[in-house]
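Sharing a structure here in structure tokens format.
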Amino acid sequence: MERIRVRGGRRLNGTIQISGAKNAALPLMAASLLTPEALVLSNVPKLADIATLAALLAQHGADIDLSQGDGAGGQTMTLRAATITSTTAPYDLVRKMRASVLVLGPLLARCHQARVSLPGGCAIGTRPVDLHLKALEQLGARIELEEGYVNASAPGGLKGGHVRFPTVSVGATENVMMAATLAAGETVLENVAREPEIGDLAACLIAMGARISGAGTERIVIQGVAELGGAHHRVMADRIETGTYMAAAAITGGALTLTHTNADTLGAVVDALAACGVGVARQNGTLTVSPRSDAISPTDISTQPYPGFPTDMQAQFMALLTTADGASTINETIFENRFMHVPELMRMGANISLQGHTAVVRGVKQLRGAPVMATDLRASVSLVLAGLAAEGETTVSRVYHLDRGYEHLVEKLAACGADIERVAD
Ligand code: EPZ
């Protein structure tokens, strides 16, 4: 297994092209199951999670073709599910990635039945799928849990319904929105997630012939149609990758220009950086983090559904705030166990105390390099960021977590002056 070795202390300087968003690409790929025609997705990042979902979709009967991007980066993926050959999503594939559960809505809508393994817990929490299942029941699905599988059926097809989600869920909103596109009649979804990835999925579904309004607000209305067709869609820029590199610039006191991204999706992150004394200039699809002369100012952060501060940026900000001039608090409200990076950051000299869902981070003058272990995607990258600022050498093991969600991380950072490389164990 490989590790990443970082020798800290260099200010980053340069330009990084942001990749397509993993968390947009995954539901978009699942949407290909809704039509026998070809769905062409451009700007698809080359990541382990994308390959995992592609394997699952192929197992359902989709033909998947990958070609080099359109010049602006990423891969172009053509998915054609002419015939669904299996409506079962087996445990072996689903356990690798929770987002696999996104095939449930499309399979049920198109084939009126699906058998999908329950994903199980993961490092950041128990992460149930009850909201997905209850909402699909309100669209007329019969759901049974049997031997670790969700057995769902809708003889005669799904029917429009009214769903008010008790908790905001990105995945449940996506799953049910996809299912409702082919349900008979009107579906109203309330208290839905407003993440930009929902808007990206809705735009693609509309291009495929779906009738959806309200994506990006708390209420989405879908008029079911008899069938959907093919479409060409460009995957939106990865706002979490963008935020991660903004934090990398800030922690090293460097200056980075991030291109092919969208500042409009990053309001809360830019505001949090401003509160830390880090300036970010926005111009069209480009964000520029200015070098700072003063220490990072402490600040208080609470993760929230979009447009609040994203839980997927919490670990990276914690790394940044370990170097601040004073004490900060970070309150994690989305996942109950998303502080796995805390003991690893403390091994690097960070001063953090945990009180339930809140971390109190007292800034230290200097982090020190150490061997550390990655536990999940965002936790891992926070350790890389800490390593960029630390004195001496940091090695991050379990690099496969990073390969799930950061395209060319080492190359992108090295091109901006970081002393970073992958090394064999
Ligand atoms: C998505 O996960 C993202 N994944 C996550 O990104 C992200 O952290 C999360 O949204 C929150 O923004 C993808 O888009 C593929 P949720 P998702 O359903 O959809 C609870 C990353 O690092 N809940 O919005 O699974 C749940 O436990 C990742 O890229 C239920 O209780 O998240 C959590 O507390 C990790 N029952 C909260 O809702 C359910 O049925 C929000 O989760 C579903 C969710």
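The values are calculated or read from the model by the stated rules, or taken from the named source; none is laboratory data. The structure displayed is predicted, hence computed values, not measured ones. When we count neighbours, we look across all protein chains shown, and the Cβ atoms used for this are built from the backbone with ideal geometry, even at glycine.
Considering each residue of the range 348-407, count those that are on the phi > 0 side of the Ramachandran plot and at pLDDT below 95, and give that number.
Counting residues in the range 348-407 that are on the phi > 0 side of the Ramachandran plot and at pLDDT below 95 gives 2.
Sticking with this structure for a sec: Can you say whether GLU190 is in contact (Cβ under 8 Å) with a residue 60 or more places away in the chain, over 25 Å from ILE16 (Cα atoms) and among the acidic types (Asp, Glu), as far as the supplied structure shows? First the steps, then the outcome.
Numbers: in contact (Cβ under 8 Å) with a residue 60 or more places away in the chain: no; over 25 Å from ILE16 (Cα atoms): yes; among the acidic types (Asp, Glu): yes.
Answer is no for this residue.
Only one of (1) under 24 Å from the mean Cα position of the chain (by Cα); (2) at pLDDT below 95 is not met by PRO291, so which one is it?
Of everything listed in (1) under 24 Å from the mean Cα position of the chain (by Cα); (2) at pLDDT below 95, PRO291 misses just condition (1).
Quick test for you: out of LEU228, LEU145, pick the one residue that is within 16 Å of the ligand (Cβ to nearest atom) and either aliphatic (A, V, I, L, M) or on the phi > 0 side of the Ramachandran plot (or both).
None of the others qualify; the one that does is LEU145.
Has the range 322-333 got at least one residue that is within 16 Å of the ligand (Cβ to nearest atom), within 17 Å of ILE240 (Cβ to Cβ) and either surrounded by 18 or more Cβ atoms within 10 Å (Cβ to Cβ) or among the charged types (D, E, K, R) (or both)?
Yes, because at least one residue in the range 322-333 is within 16 Å of the ligand (Cβ to nearest atom), within 17 Å of ILE240 (Cβ to Cβ) and either surrounded by 18 or more Cβ atoms within 10 Å (Cβ to Cβ) or among the charged types (D, E, K, R) (or both).
Here's a follow-up. Given the residues ALA226, ALA249, which is the only one that is touching a residue at least 24 places away in the same chain (Cβ under 8 Å) and in a loop (DSSP other than H, G, I, E, B)?
Answer to the selection: ALA226.
Does the range 85-97 contain any residue that is on the phi > 0 side of the Ramachandran plot and not in a helix (DSSP H, G or I)?
Restricting attention to the range 85-97, the residues satisfying the condition of being on the phi > 0 side of the Ramachandran plot are none.
Within the range 85-97, none of the residues are on the phi > 0 side of the Ramachandran plot and not in a helix (DSSP H, G or I).
Follow-up question, since we're still on this one. Take ALA48 and decide whether it is within 16 Å of the ligand (Cβ to nearest atom), surrounded by 22 or more Cβ atoms within 10 Å (Cβ to Cβ) and within 22 Å of the chain's Cα centre (by Cα).
Here the answer is no, as ALA48 does not meet what is asked.
Considering (1) touching a Ser or Thr at 6+ places or on another chain (Cβ under 7 Å); (2) closer than 20 Å to THR187 by Cβ, say which one ALA152 fails and leave the rest.
(1)
In this structure, does LEU107 turn out to be touching a Ser or Thr at 6+ places or on another chain (Cβ under 6 Å), more than 14 Å from the ligand (Cβ to nearest atom) and under 20 Å from LYS22 (Cα atoms)?
No, not satisfied.
Here's another thing I want to ask about it. Out of the residues in the range 176-221 that are part of a loop (DSSP other than H, G, I, E, B) and not small (Gly, Ala, Ser), state the one that is surrounded by the fewest Cβ atoms within 10 Å (Cβ to Cβ).
Only one residue tops the list, namely GLU218.
For the range 234-242, does any single residue satisfy the condition of being out of contact with any helix residue (DSSP H, G or I) (no Cβ under 8 Å at 6 or more places or on another chain) and closer than 24 Å to ALA82 by Cβ?
Among the residues of the range 234-242, at least one is out of contact with any helix residue (DSSP H, G or I) (no Cβ under 8 Å at 6 or more places or on another chain) and closer than 24 Å to ALA82 by Cβ, which makes the answer yes.
Could you tell me how many of the residues in the range 269-287 are surrounded by fewer than 18 Cβ atoms within 10 Å (Cβ to Cβ) and under 22 Å from the mean Cα position of the chain (by Cα)?
Pass one, the range 269-287, residues surrounded by fewer than 18 Cβ atoms within 10 Å (Cβ to Cβ): 271, 274-275, 277, 279, 281-286.
Next, only the ones that are under 22 Å from the mean Cα position of the chain (by Cα) stay: 271, 285-286.
So the count comes out to 3.
State whether the residues of the range 385-398 include one that is among the β-branched types (Val, Ile, Thr) and within 13 Å of the ligand (Cβ to nearest atom).
no
If you scan the range 1-45, which residues turn out to be small (Gly, Ala, Ser), outside any strand (DSSP E or B), within 16 Å of the ligand (Cβ to nearest atom) and within 25 Å of LEU287 (Cβ to Cβ)?
Answer for the range 1-45, where residues must be small (Gly, Ala, Ser), outside any strand (DSSP E or B), within 16 Å of the ligand (Cβ to nearest atom) and within 25 Å of LEU287 (Cβ to Cβ): SER19, ALA21, ALA24, ALA25.
Let me ask something else about it. Taking strands (runs of 3 or more DSSP E) that fall entirely within the range 330-425, which contain at least 3 residues that are farther than 22 Å from GLY9 by Cα?
351-355, 358-362
Here is a further query. Looking at (1) basic (Lys, Arg); (2) within 16 Å of the ligand (Cβ to nearest atom); (3) more than 14 Å from MET340 (Cα to Cα), can you tell me which one ARG378 breaks?
Every listed condition holds for ARG378 apart from (3).
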